[in-house]
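Visitor: Would you mind keeping the following structure in view while I ask a few things?
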Amino acid sequence: MRRTRAVFAFAVLAVLLVLTAVLNVIIGSVRIPLADVLEIFAGRGADVTARTILWQIRLPRTAAAAVLGGALALSGYLLQTFFHNPIAGPFVLGISSGAKLTVALLLVFAARRVASISSAVMIASAFAGALLAMGFVLIMARVVDKMSMLIVGGVMIGYICSAVTDIIVTFADDSDIVNLHNWSRGSFSGITWENVAVMSVLVFAAALFIFLLSKPISAYRLGEMYAQNMGVNLKLLRVCFVLLSSMLAACITAFAGPVSFVGIAVPHLVKRLFGTAKPILMIPACFLGGSVFCLFCDLLARTLFAPTEMSISTVTAVFGAPIVIIILLRKQRA
Amino acid sequence: MADYYVYTQNLSVGYPKKTVLENIAIGVNRGEILTLIGPNGAGKSTVLKSIAGQLKLIAGTVYIDKTDRSLISKKVLSQKLSVVFTQRLRTELMTCRDVVATGRYPYTGRFGILCAKDRQKVEEAMALIRITAFADEDFAKISDGQRQRVMLARAICQEPDIILLDEPTSYLDIRHKLEFLQLLQNMAREKKLSVIMSLHELDLAKKISDRIICVGEHCVERFGTPQEIFRENYMKTLFGVTTGSFDETTCGMELEMPKGEPKVFVLAGAASGQETFRRLQRRGVAFATGILFENDMDYPVAKALAAKLVNVKATQRIGMERLASAKELASKCESVICCREHFADWEPENRELYEYLQRKPSYRG
């Protein structure tokens, strides 16, 4: 029965993924009907504008939302498992903000010297920031064992990083921060194919690695003591947790800025959908779920108040924050 | 020591900055139960975690089947040794069957997918521990007693030679304590398991253990069979008891003896006096009692609570001397309570004491 439910749940996610992806491609300031999209794919479409919009704007953006959304949910899932805390995630723990800080620094101070910054450099700097914030979170986790305190600490780290980022932005030249402003609020706009290629390589590699770790992760769910008794190499697994979740969070922040709540909301929803939390199912399911969630939120961000575009975090917060509240209330009752 | 299946040599345990216990030499055979007793915070858990390999050893060696444990690979060790810890598991959407199945971890492949044989082992373990009835319920929603049994089934399903349990009966009520320990005993016997656990319940420890380790505040004080450990007044020393008393033969505990000179003389014996002793204790009345054979059930209670006591070895006659001292004690008391009317052939002195007391004006039945 469980197997049927898993198959059904994967089917639901797959259908939703296709559906949201298609909607993202056809809906926008210029509406491109599905028939035209297929024409353009086939290389027959005549309309140059539509073709450009599709290839240069919509498709890379859709692909990025799908890849980064998956990465975000997966990063959240890893952090929740690692800290045994259902409301951990890259955003609430301040990891995204740490990455944002270093990327902002890079953009402001390097932009004057080099013409353009490559995706790899962006990611590297975001990764450094993410690890830095993660380091602080880990130190805190050693001192406090309470779930709520860890989160409060993470949020504080996030605020500190954001404040420093704001200071940097305030004192930077306007020309340096043309893109910085949009980006620092979180957005999938302006993503190029080159970005997509780089992020896909990194995110898919990380996701595959995580999937290969699903057995030790499933042992880790019972707590470190039992995991060790089952023969898990705890030190190695902890390092993997930290590096992989930071890596994923860094990818997202480097390209889309900090995106809130996806990391918490999606794993929670996916667990309800599957009725289990087995890592071997959760890892691919969270990825798919994150893709669907981000595609859906990006669609709303772009279209709801068009031509004004909302930041992606605004939309994800609207859907994600209530879920966090629900989780907290449930925990309280248990 | 080297004859034991599991044994330690010069073992020192603790944390990098603080050694908790030094020079531990303990051992257990297959099919035997070894229990750690001792005051809270003395380091029972530390010893267990060190044997299990959760804590780095400060010094010394743990041998399993004559092999240094640190030389055994993680995988092989996980097939030899399983654990049940006190800390409550925070599981998420896991049924009891899922939790038990995690015991198969060391036997599954790259992705941890259970094969038919693994599934069968899971079902067998659940049947053995009698938890099949609630196998599909959420682990987070069952009772503490059930949860502890699930954890035991999980440990069994790991097919170990050794099981370590840290205070497995802590959250359980008396019914579940007995059920759990009985299961554990059966497992040890049938599966030839070496069981090493810590227990708070001294009475149960005395009964279930083949060997006992006494973990004191500073060192492992004693290691031996229950007979060797439960010697008079030792538990008071081990636990630093200053209030009340503990009797090693019955494992009975009594509150503090009422202070002062005895005001009441109680004629007790043949298990007739215990409740009277305790009633006087509750009112804070000091009392004297006699004449008790040392194998009488009243004797340990009287020893703990009576200010003055006339007693006699189980294999001796009472004799006129003891009778005289009992009469003298009674005459100094303000009142007398007789708890019994019938006396055996071998205690004519008690009958005489009874008749003497009845003639006293302060006599109460």
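What follows draws every value from the coordinates through simple rules; no lab data is involved. Since this is a predicted model, take the numbers as computed values, not measurements. Every residue, glycine among them, receives a Cβ derived from its backbone with ideal geometry; neighbour counts consider all protein chains shown.
Visitor: For residue B:66, list the lysines whose Cα falls under 27 Å from its own Cα; do not include residues on the same chain fewer than 8 positions away.
Guide: Of all the lysines, those that pass the test against residue B:66 - Cα under 27 Å, at least 8 places apart if same chain - are B:44, B:49, B:56, B:74, B:75, B:80, B:191, B:192.
Visitor: So what's chain B giving for Rg/Rh, alpha carbon basis, Kirkwood Rh from the mean inverse pair distance?
Guide: 1.12
Visitor: Which whole-number percent is the relative contact order of chain A (Cα, under 8 Å, 6+ apart)?
Guide: For chain A, the relative contact order is 31 percent.
Visitor: Shifting gears a bit: Please give me the summed charge of the neighbours of residue B:48: other residues whose Cβ is under 13 Å from its Cβ, Lys and Arg +1, Asp and Glu -1.
Guide: Residues near residue B:48 contribute 0 overall.
Visitor: Compute the Rg/Rh shape ratio of chain A: radius of gyration over Kirkwood radius, all on alpha-carbon atoms.
Guide: 0.98
Visitor: Another question about this same structure. At 7 Å along the Cα-to-beta-carbon direction for both residue A:15 and residue B:40, put a label point, then send me their distance in nm to one decimal.
Guide: That separation, rounded to one decimal, is 5.6 nm.
Visitor: By how many nm would the segment from residue B:334 to residue B:282 grow when fully extended, if each residue of separation counts as 0.36 nm and the alpha-carbon distance is taken off?
Guide: This chain segment gains 16.9 nm when fully extended.
Visitor: Now for a different question. Quick one: helix B:174-190 against the long Cα principal axis of chain B, what's the angle to the nearest 10°, folded into 0 to 90?
Guide: 60 degrees
Visitor: Take the Cα radius of gyration of region B:67-126 and divide it by 2.2 N^0.38 Å, with N its residue count; two decimals is plenty.
Guide: For region B:67-126, the normalised Cα radius of gyration comes out at 1.27.
Visitor: I'd like the orientation of helix B:144-157 relative to chain B: the angle between its Cα long axis and the longest Cα principal axis, in ° from 0 to 90, rounded to 10.
Guide: Relative to chain B, helix B:144-157 is tipped by roughly 50 degrees.
Visitor: For region B:294-365, run through the GluC sites (Glu not before Pro) and keep only the ones in DSSP coil with at most 12 other Cβ atoms within 10 Å of their Cβ.
Guide: B:334, B:341
Visitor: Then there's this: Select from A:130, A:99, A:197 the residue whose mean-square fluctuation is largest in a Gaussian network model of chain A (Cα-Cα springs shorter than 10 Å).
Guide: Largest GNM mean-square fluctuation: A:197.
Visitor: Efficiency by 1/(1 + (r/R0)^6): what FRET value for residue A:193 and residue A:169, r their Cβ-Cβ distance, R0 = 25 Å, to the nearest 0.05?
Guide: 0.35
Visitor: Something else about it: Give me the angle, in degrees from 0 to 90, between the Cα long axis of helix B:274-283 and the longest principal axis of the Cα atoms of chain B, rounded to the nearest 10.
Guide: 80 degrees
Visitor: I need the calculated FRET efficiency for the pair residue B:242 and residue A:201, taking r as the beta carbon distance and R₀ as 51 Å, to the nearest 0.05.
Guide: 0.15
Visitor: 7 Å from Cα along Cα→Cβ at both residue A:121 and residue B:117: what's the point-to-point distance in nm?
Guide: Going by the 7 Å Cα→Cβ label model, 5.7 nm.
Visitor: Within chain A, how many Lys pairs that are eight or more residues apart, or on different chains, come under 24 Å at the alpha-carbon?
Guide: Lysine pairs satisfying the spacing and distance rule in chain A number 9.
Visitor: OK, next. Just to be sure I understand the rule: take each whole DSSP H helix in chain A, project its Cα atoms onto its long axis, keep it if the span is 20 Å or more and its mean Kyte-Doolittle hydropathy is at least -1.0. Which ones pass?
Guide: In chain A, the long hydrophobic H runs are A:2-26, A:59-83, A:95-110, A:119-143, A:147-171, A:193-212, A:234-256, A:279-303, A:312-333.
Visitor: Here is a further query. With springs connecting C-alpha atoms under 10 Å apart, model chain A as a Gaussian network and identify which of A:37, A:239, A:67 has the largest mean-square fluctuation.
Guide: A:239
Visitor: Put one equal scatterer on each alpha carbon of the protein assembly as shown, apply the Debye formula with no solvent term, and list log10 I(q)/I(0) at q = 0.06, 0.07, 0.12 1/Å to two decimals.
Guide: -0.52, -0.65, -1.21
Visitor: Kindly state, to the nearest 0.05, the FRET efficiency for residue A:144 paired with residue B:359, given R0 = 51 Å and r defined as their beta-carbon distance.
Guide: 0.10
Visitor: Take peptide B:74-80, look around each residue's Cβ out to 10 angstrom, count Cβ atoms belonging to other protein chains, and average those counts.
Guide: Rounded to a whole number, the mean comes out at 3.
Visitor: Can I ask one more? Mean-square fluctuation check for chain B, GNM, Cα pairs under 10 Å: which of B:331, B:198, B:50 is largest?
Guide: B:331
Visitor: Same structure, new question: Taking DSSP loops as anything outside H, G, I, E and B, show the longest stretch in chain A free of trypsin sites (Lys or Arg not before Pro) there with at most 13 other beta carbons within 10 Å.
Guide: So the longest stretch without any such site is A:147-334.
Visitor: Determine the sum of side-chain charges near residue A:97: Lys and Arg each +1, Asp and Glu each -1, restricted to other residues whose C-beta is under 13 angstrom from that of residue A:97.
Guide: Around residue A:97, the charge tally is +1.
Visitor: Right, next: Quote to one decimal, in nm, the extra length available between residue B:12 and residue B:345 on full extension: 0.36 nm per residue of separation minus the C-alpha distance between them.
Guide: 114.1 nm
Visitor: May I ask you to order A:132-140, B:11-19 by the average number of other C-beta atoms within 10 Å around their residues, highest value first?
Guide: A:132-140, B:11-19
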